[in-house]
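Reading through the structure tokens given below for one structure.
We did not get these values from a lab; they are worked out from the coordinates using the rules stated. What you see is a predicted model, and the numbers here were worked out from it, not measured in a lab. Note that each Cβ is placed from the backbone with ideal geometry, even for glycine, and that neighbours are counted across all protein chains shown.
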Amino acid sequence: MTPNVDERLASIVRSLSEVVLPHLPPEASLAQEQVHLCIGHLQILRAQMDQIPAFEQEELVDAVSIARELIGSTDGGEATSTATARLRDAADSAGSGHPRDDRKAVLEAVDALVKAVASDGSTQTKARLSEIILRHETERSLKDRRWFAPFGFDTI
């Protein structure tokens, strides 16, 4: 019988906790810290595993939202126009693949737009770009903080 993902993660946690950690010398404090960190992340993954697809979909929706607002707020030279078209293509094709990959493509296109606007975007576009990105990322940051709040990493 092949163990399911949760059982496999639990097995890794047990191995790290019961085999690796006890055999680390006391002076290997950094290694001990890193093993504890790995154990913690694996436990978080186990706890959130069922919600990960919805979380990734929400991240994609947020990425497309910022893309759409940026697309409608840019003007400038050739680099800005080209980057805006690339961002439009990434946003339009989002949802056709895996949400994680689509989100990455959209955010890479946002990054390219920021660089293009820095080179030949209008003064108004530069100001709007900063405002839009900061507003969207503040909202995304609050969602991310809520995602990890049950694990004591943050007190919202």
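Could you give each residue of region 7-12 its phi-based ³J(HN,Hα) in whole Hz, using Karplus coefficients 6.51, -1.76, 1.60 with θ = phi - 60°, and x for Gly or Pro?
5, 5, 5, 4, 5, 5
If you add up the charges near Ser73, with Lys and Arg at +1 and Asp and Glu at -1, over every other residue whose beta carbon is less than 10 angstrom from its beta carbon, what do you get?
Net of charged neighbours comes to -1.
For region 51-78 and region 1-47, what is the separation of their C-alpha centers, rounded to whole Å?
About 35 Å separates the Cα centre of region 51-78 from the one of region 1-47.
With Cβ to Cβ distances under 11 Å as the rule, what net charge do the other residues near Lys104 carry (K, R +1; D, E -1)?
Taking every other residue near Lys104 into account, the sum is -4.
In whole Å, what three semi-axes, largest first, describe the equivalent ellipsoid of region 1-41 built from its Cα gyration tensor (square root of 5 times each eigenvalue)?
Semi-axis lengths for region 1-41 are 24, 10, 5 Å.
Given a cut-off of 18 Å, what percent of all Cα-Cα pairs of region 66-156 lie beyond it?
Roughly 50 percent, rounded to a whole number.
Select from Ala47, Ala31, Ala112 the residue whose mean-square fluctuation is largest in a Gaussian network model of the chain (Cα-Cα springs shorter than 10 Å).
Of Ala47, Ala31, Ala112, the most mobile in the Gaussian network model is Ala31.
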